[in-house]
């Protein structure tokens, strides 16, 4: 039997990675709640990132929300999010991605994760994007997602299928469009199989890892060469 310490370590490794990739699809029919809503409780805050959590009746997994500045125009950040093909090169433990369908404002893709200890995980997600033009010429981007496993590959033996994974990105322009205020919301159990307190702890780490990965990736030249289509 594994000790509680071992379970925490394994859960942290696996589910932090799940959160890193859960940004890829649409949460249909939902709208992001404000981080200053009374439903949200602040967990941490530093110069780079503020993290909030809220509970849902009947669900032991907490929904997380993170707000942080990214030192790049929001359309560059959007290009990083849209670049599903590149995830294996900069997202930890991602070994495979496959674009199933790409339209103007929608991407359906399959993701395979291979973190140590807990075994492989996979999911097919559908991402929808919306834009909003502002009077000063800048644009805001909204990205929402949900699982659509029926549109992807059939389950594979030994690979845990993720079924609870929904959330959103809001990318607002700041500093005259030179920077981004990014708000990320996620509710996922990463495929389950571990106690809720382990998943909640790991998901919080995953949010921090996600922002760190994006902040590094925005320096790749190709993401700043052209704006995403409206």
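The values are calculated or read from the model by the stated rules, or taken from the named source; none is laboratory data. Note that the coordinates shown come from a computational prediction; the quantities given were computed from them, not determined experimentally. Positions of Cβ are generated from backbone atoms using ideal geometry, with glycine treated the same way; all protein chains shown enter the neighbour counts.
Residue by residue through the stretch 96-117, note down the ones that are surrounded by fewer than 15 Cβ atoms within 10 Å (Cβ to Cβ) and assigned to a strand (DSSP E or B).
96, 98, 99, 101, 102, 106
Which numbered condition trips up residue 68, out of (1) under 22 Å from residue 51 (Cα atoms); (2) crowded, with 20+ Cβ neighbours inside 10 Å; (3) out of contact with any helix residue (DSSP H, G or I) (no Cβ under 7 Å at 6 or more places or on another chain)?
Residue 68 satisfies every listed condition except (3).
In the stretch 177-199, how many residues are part of a helix (DSSP H, G or I), surrounded by fewer than 21 Cβ atoms within 10 Å (Cβ to Cβ) and modelled with pLDDT under 90?
3
Do we have residue 76 as in contact (Cβ under 8 Å) with a residue 24 or more places away in the chain, in contact with a helix residue (DSSP H, G or I) (Cβ under 7 Å, 6 or more places away or on another chain), more than 19 Å from residue 145 (Cβ to Cβ) and assigned to a helix (DSSP H, G or I) here? Let's see the steps before the verdict.
Details: in contact (Cβ under 8 Å) with a residue 24 or more places away in the chain: yes; in contact with a helix residue (DSSP H, G or I) (Cβ under 7 Å, 6 or more places away or on another chain): yes; more than 19 Å from residue 145 (Cβ to Cβ): yes; assigned to a helix (DSSP H, G or I): yes.
It is true that residue 76 is in contact (Cβ under 8 Å) with a residue 24 or more places away in the chain, in contact with a helix residue (DSSP H, G or I) (Cβ under 7 Å, 6 or more places away or on another chain), more than 19 Å from residue 145 (Cβ to Cβ) and assigned to a helix (DSSP H, G or I).
Under 7 Å between Cβ atoms, which residue pairs at least 6 apart in sequence (or on different chains) link something in the stretch 90-118 that is on the phi > 0 side of the Ramachandran plot and modelled with pLDDT under 90 with a partner that is surrounded by 13 or more Cβ atoms within 10 Å (Cβ to Cβ) and assigned to a strand (DSSP E or B)?
93/113
Applying the selection to the stretch 71-85, what residues are closer than 25 Å to residue 111 by Cα and either buried (at least 19 other Cβ atoms within 10 Å of the Cβ) or touching a strand residue (DSSP E or B) at 6+ places or on another chain (Cβ under 8 Å) (or both)? Explain how you work it out, then say what you get.
Quick first cut of the stretch 71-85, residues closer than 25 Å to residue 111 by Cα only: 74-85.
Correct list: 74, 75, 76, 77, 78, 79, 80, 81, 82, 84, 85.
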